[in-house]
Amino acid sequence: MLSSADTALVMASLAVKLAMAAAMNRLPRRFEERAKVKVSDQDEGGR
């Protein structure tokens, strides 16, 4: 049988998994935005 501590651990683990999934989903967009900013900075600097 699960104790309240076990239940809390399972709930915390689930919350971390959901947060990690959300963070990993946002990462590619952030890298694309940074890449676009760097490319536009280089374009302006070369002119």
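Some notes on this structure:
- Look at region 20-39: where a residue is surrounded by 10 or more Cβ atoms within 10 Å (Cβ to Cβ), no partner that is not in a helix (DSSP H, G or I) sits 6+ places away or on another chain with Cβ atoms under 9 Å.
- Residue in region 11-32 that is part of a helix (DSSP H, G or I) and at pLDDT below 70 present: no
The values are calculated or read from the model by the stated rules, or taken from the named source; none is laboratory data. These numbers were taken from a predicted model, which means no experiment stands behind them. Counting neighbours? That spans all protein chains shown, and the Cβs are built from the backbone with ideal geometry, glycine included.
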